[in-house]
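Colleague: One structure coming up, written as structure tokens, with questions to follow.
The values are calculated or read from the model by the stated rules, or taken from the named source; none is laboratory data. Since we're looking at a predicted model, the values are computed, not measured. Please note: Cβ atoms are built from the backbone with ideal geometry, for glycine as well, and neighbour counts cover all protein chains shown. Each accessible area value is taken on the protein alone, full model and side chains, heavy atoms only, with ligands, DNA and RNA left out. Shrake-Rupley method; radii C 1.70, N 1.55, O 1.52, S 1.80 Å.
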Amino acid sequence: NMLAHKGEKLGDYLIAEGHISPSQLELALQEKNRSGKYLSEILIELGFVSETVIAKQLANSAETELIDFTSAKISLTALETIPYEMARKFKVLPISIDDERLKVAMVDIYNVVAIDTLEKKCGLAIQAVTAAESELLEALEFNYIRQASIADTVEQVMRQKDVADDDSSPLTQLADQIITLGIRSHATDIHIEPEETSLRVRMRRDGIMHEEALMPAKIKAALITRIKIMAQLDITEKRVPQDGRIRFNLGRRKID
């Protein structure tokens, strides 16, 4: 692993930038030799530097970007290329696909074994960008679990012979999940966009549109009807725009 060879350079950089003192580096290097861990891990464990400082330096040394998950747009198609278990194991998060290249955020961009395994799995070239570990793990859980729950519910809706609409039906659950996700991810808009073969759900956060789910076009009419009922709109009127309101309960919170 190339990170091992970056140790001395990392130490020099951190001293030069005033993040650590020479005596702190000496102590961390002693611990590195004793434990066999990476210098970066030990510096974080000892509380000498933050993950973000380390991630920024690794990004600089590898000339890659340091990803900011608050503004990064994570593509649904990219997420589907790497299974959740593999993403957890290698601490990676697929971000986007462009020209047969999969952009992934990684804690350790020098992990050639991980990159090789990911390339074999998804059949795409990997472009690695750096991320701070705690931020990456949080984004990984949020994105994979969010997608799995909506996808599972869509599957249940599709399995039903006729799409029922009562309080315990998968369709009702799906509409609730979409709104809950919008609230939890601080979205200002939820867009449900019908296309020829699919139904796309996108949400606006911090002015940027993020794709959240892709569903079969078959459930379009039922989902739109469900939302119209929740907003007390006329479900028979399909030609002119209507305005409505939904009062939504999220735990103890009542949201308008």
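Colleague: Distance in nm between label sites at residue 151 and residue 256, each 7 Å beyond Cα in the beta-carbon direction?
Modeller: Placing both labels 7 Å along Cα→Cβ, they lie 3.8 nm apart.
Colleague: Further question on the same structure: Kindly list the residues of region 196-236 that lie in the label zone of residue 98, defined by a backbone N under 20 Å from the point 7 Å along the Cα-to-C-beta vector.
Modeller: Under cut-off, by backbone N: 205, 207-212.
Colleague: Next question, about the same structure. Based on the mean of other beta carbon atoms within 10 Å per residue, what is the order of 150-158, 169-177, most packed first?
Modeller: Taking the mean over residues of other Cβ atoms within 10 Å, the ranking is 169-177, 150-158.
Colleague: Within region 179-212, find all residues whose amide N lies under 19 Å from a label point positioned 7 Å from the Cα of residue 221 along Cα-to-beta-carbon.
Modeller: Residues 193-200 qualify, since their backbone N sits under 19 Å from the label point.
Colleague: Size of the dipole of the chain about the Cα centre, Lys and Arg at +1 and Asp and Glu at -1 on the beta carbon, nothing else charged, in debye to 20?
Modeller: The calculation lands at about 640 debye.
Colleague: Counting only protein heavy atoms and using a 1.4 Å probe, what share of the accessible area of region 1-156 belongs to carbon plus sulfur, as a whole percent?
Modeller: Exposed carbon and sulfur together represent 50 percent of the surface.
Colleague: Residue 209: accessible area at probe 1.4 Å, nearest 10 Å²?
Modeller: Surface open to solvent at residue 209 totals about 30 Å².
Colleague: Nearest 500 deg cm²/dmol is fine: what mean residue ellipticity at 222 nm does the chain get from its DSSP H runs of n ≥ 4 alone, each adding -39,500 (n - 2.57), divided by its residue count?
Modeller: -14000 deg cm²/dmol
Colleague: On to the next question. Using the crude model of +1 on Lys and Arg Cβ and -1 on Asp and Glu Cβ, and no other charge, please compute the dipole size for region 73-133 relative to its Cα centre, in debye to 20.
Modeller: Using only the charged Cβ atoms, the result is roughly 140 debye.
Colleague: Tell me the accessible surface of residue 205 in square angstrom (1.4 angstrom probe, heavy atoms of protein chains only), to the nearest ten.
Modeller: 40 Å²
Colleague: For the chain, what is the accessible area per residue in Å², given a 1.4 Å probe and the full set of protein chains? Walk me through the numbers before you get to the answer.
Modeller: On the way: 14660 Å² over 256 residues.
For the chain, the solvent-accessible area averages 57 Å² per residue.
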